[in-house]
Amino acid sequence: MRKQNVLQNPISRHIRENSSIYSFVIVLFLMGVIFGAVIVNSLSIAQKEDLFFYLKQFFGQVSTGKVAAPEDLFRSSFLHNIKFLVLIWVLGISIIGLPLILILLFLKGLVVGFSIGFLVNQMRWGGFLLAFVTVLPQNLLIIPMFIFTSVIAVMFSLNLIRKIFIKQSAHYAFFHLFIKYCGALAAAFIAVLLAACVEAYISPQLMQSVMKIIN
């Protein structure tokens, strides 16, 4: 009975039916993370010192409480992430946007990998703690939603290709599929809203606590 309930769960069924696409997208994202971490080691000493100089200035402001207002942080975080997700969503409607979706997801992984890699490379365990409180909390919401939206966009784009080039029958429920596609964007909107709240109101407080420990 329990097994049957799991199989009837829409989320479990969705992931199971599209496991190959999820596997490909997750591997692509992880490749971006690894590549971003590798780039850190390829930077010259001068480049690392320049980046770390600006980073120390920022952390110095954080430790003294001189950070942007939470409302400004919330607005900036929300707009940045929602634009990224909307772009992926729009690319899913266009057939030529399919490879661009995958490139954007790879770049997102690259940014995350570089951020964590640079902090750890320059500050060791202190950098790991900072990455844990500054990069991880909001990305626990954002990254799964990026992956989910990318998978949905890839699926929608592939269905468009089948519709146009394979000439599927009239029973092809395009309108129903588009409604689900819009629902995915609504779910992404909620996730980004929550992530922006975490980044604006929780992460700065955690960062200040870690900076006190490191200092």
Residue list for the stretch 72-101, filter: within 28 Å of residue 190 (Cβ to Cβ), open to solvent by 70 Å² or more (accessible area, probe 1.4 Å) and at pLDDT below 85: 72
Total residues in the stretch 185-198, condition touching a residue at least 60 places away in the same chain (Cβ under 8 Å) and open to solvent by less than 60 Å² (accessible area, probe 1.4 Å): 7
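Residue by residue, here is whether (1) under 20 Å from the mean Cα position of the chain (by Cα); (2) part of a helix (DSSP H, G or I); (3) at pLDDT 85 or above; (4) over 24 Å from residue 80 (Cα atoms) holds:
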residue: 148; (1), (2), (3), (4): yes, yes, yes, no
residue: 171; (1), (2), (3), (4): no, no, no, yes
residue: 178; (1), (2), (3), (4): no, yes, no, yes
residue: 181; (1), (2), (3), (4): yes, yes, yes, no
Test: residue in the stretch 112-119 that is in contact with a Phe, Trp or Tyr (Cβ under 9 Å, 6 or more places away or on another chain) and exposed (fewer than 13 other Cβ atoms within 10 Å of the Cβ): no
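The values are calculated or read from the model by the stated rules, or taken from the named source; none is laboratory data. All figures in this text were calculated on a predicted structure; none of them were measured in a lab. Virtual Cβ from ideal backbone geometry, glycine too; neighbours counted across all protein chains shown. Accessible surface areas use protein heavy atoms only, side chains included; no ligands, DNA or RNA. Shrake-Rupley method; radii C 1.70, N 1.55, O 1.52, S 1.80 Å.
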